[in-house]
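The values are calculated or read from the model by the stated rules, or taken from the named source; none is laboratory data. Keep in mind that what you see is a predicted model, and the values were worked out from it rather than measured. Every residue, glycine as well, gets a Cβ built from its backbone with ideal geometry; the counts of neighbours run over all protein chains shown. All accessible areas refer to the heavy atoms of the entire protein, side chains included, with ligands and DNA or RNA removed. Shrake-Rupley method; radii C 1.70, N 1.55, O 1.52, S 1.80 Å.
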Amino acid sequence: MTRFALPPRGSLQRRLALSLTGGVMALWLLATLGAGLLLRHEIDEVFDSALQEVVQRVLPLAYTEVLNRDADAEPGPQQIASVGAHREYITYVVRDAAGRSLLQSHDADPAQFPPNPAHGFSDGPSSRLYTEVAVSGTLVVTAAERPGHRQNAVRDAIKVLAWPLLLLLPLGIAGTWALVAFSLRPVVAFRREIEARGDGHLAPVAVAALPSEIAPVAEAVNALMARMRRLLDAERSFTANSAHELRTPVAAALAQTQRLRAELPEGPARARTKEIETALQRLARLSEKLLQLAKAEGGGLLSEVPQDLVPVLALVLHHLEDQGRVELSLPAEERFVSTLDIDAFAILARNLIENALKHGSPTRVVRVSLTQDGSFSVTSAGPVLSQEVLDGMTHRFTRGTTMADGSGLGLSIVQTIMRGVGGELAFCSPAPGQADGLEVQVQLPGLKPTAG
């Protein structure tokens, strides 16, 4: 069912609907005006002919009536006997050469007839006249049209033509709106396809159903996305390969440094090896984060086969160094099936929990919750964070005001994963039910509980 939702002010649908309807209305008005002018001309001809016909038919009757008039009759105009009462739209007067009225119609108004009318058609003060002179000028017959009769006829005819505009205007707008909406459905679908594209989805948009005017735009968009895909693939490949290639030499350097520190006696040299070991450990963690980021930015975030995420979460908690501070909350079934890839979920969960353990209060527990509706949240204690700090927490290599060790990539990786699956990363500080702290929440896609 088509919904006539009001588009934005500058939308093509609004412009087409209003312009087409306005054009039809303007053409209708012009056609009505032209028809009115033509109708006025035709009515003038018909009414003039009627005036002339009345005079020519009255003339012999008037001549006979005057000749048969009784000599003893009272002077003054006479009236021909009428068959029945009726309204006269054309009246007449028969006068002699001196202007005396000899015969007139029932509704004739003497004031409507001029004293000495010229032969033929003429315009009186308020009506159209026709006069003929007969019997050597002794009989003058004048017919007059009822004042405003033909004007009212033209006006009524134009009203009949113009009244449909009141009905046609809303119907025209609604019909044009529906027609334009139906015609623009491929364009709307094309817009939605473009809106659905992002870092993790750069597949070409469909071009087959588009109008020929829009198809070149779609082809240009596909070409642009193809270039973007090549650039992003090259960037991700470089990031992943670089991080992968760094892991082995960094691990070897770290092992050699640890061995060297163990062999050196206490002193400045051993302290420097400790600093080198710390830097190498930081570099190892950074390379691991870069590999996670490459995974998050690449494809494969959704699994074709839904899988249980609870064992993955248990495995993540098992490998944490400070798992004793984590309080886990699961629904009664202790089983959640989701379309999210288990590796992507492991990266997401580990980054959120590690971030809470590092930057939260070291003396209070971190609550990890996986709810029945698929909401996954991690809550930690700590100071209340301002909105400005919360807005910048997902920026890469941004660590805020904390002094804890980290790369500044954890929350950025989580946000990248959520964007790739069409979800959002939400922050709440203070945490719900607390006077302080921070809660980070995500909605896992396609999650549904099943019987255990």
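Restricting Ser377, Ser407 to those that are at pLDDT 85 or above and more than 33 Å from the chain's Cα centre (by Cα) reduces the list to Ser377.
Once region 434-452 is narrowed to residues that are assigned to a loop (DSSP other than H, G, I, E, B), open to solvent by 30 Å² or more (accessible area, probe 1.4 Å) and at pLDDT 85 or above, the residue that is nearest to Ala356 (Cα to Cα) is Asp436. Among the residues of region 164-202, the ones that are over 20 Å from Trp28 (Cβ atoms), loosely packed, with under 15 Cβ neighbours inside 10 Å, touching a helix residue (DSSP H, G or I) at 6+ places or on another chain (Cβ under 8 Å) and aliphatic (A, V, I, L, M) come to 1 in all. Within region 204-241, can you find the residues that are part of a loop (DSSP other than H, G, I, E, B) and either touching a strand residue (DSSP E or B) at 6+ places or on another chain (Cβ under 9 Å) or modelled with pLDDT under 75 (or both)? Matches in region 204-241: none.
I'd like the residue in region 119-155 that is open to solvent by less than 30 Å² (accessible area, probe 1.4 Å), more than 17 Å from Ala50 (Cα to Cα) and of a type in the set (A, V, I, L, M, F, W, C) and, out of all such residues, is nearest to the chain's Cα centre (by Cα). Ranking the qualifying residues of region 119-155, first place goes to Val140. Taking Ala97, is it open to solvent by 70 Å² or more (accessible area, probe 1.4 Å), touching a Leu at 6+ places or on another chain (Cβ under 9 Å) and either among the β-branched types (Val, Ile, Thr) or farther than 12 Å from Val55 by Cα (or both)? For Ala97, the condition - open to solvent by 70 Å² or more (accessible area, probe 1.4 Å), touching a Leu at 6+ places or on another chain (Cβ under 9 Å) and either among the β-branched types (Val, Ile, Thr) or farther than 12 Å from Val55 by Cα (or both) - is met. Pairing each residue of region 159-171 that is farther than 19 Å from Leu37 by Cα with any residue that is open to solvent by 80 Å² or more (accessible area, probe 1.4 Å) and basic (Lys, Arg), provided the two are 6+ apart or on different chains, yields no C-beta distance under 7 Å. For region 347-363, the criterion of a residue being of a type in the set (A, V, I, L, M) and part of a loop (DSSP other than H, G, I, E, B) is satisfied by no position. Per the conditions (1) over 20 Å from Ala157 (Cβ atoms); (2) at pLDDT 75 or above, the sole criterion not satisfied by Val46 is (1).
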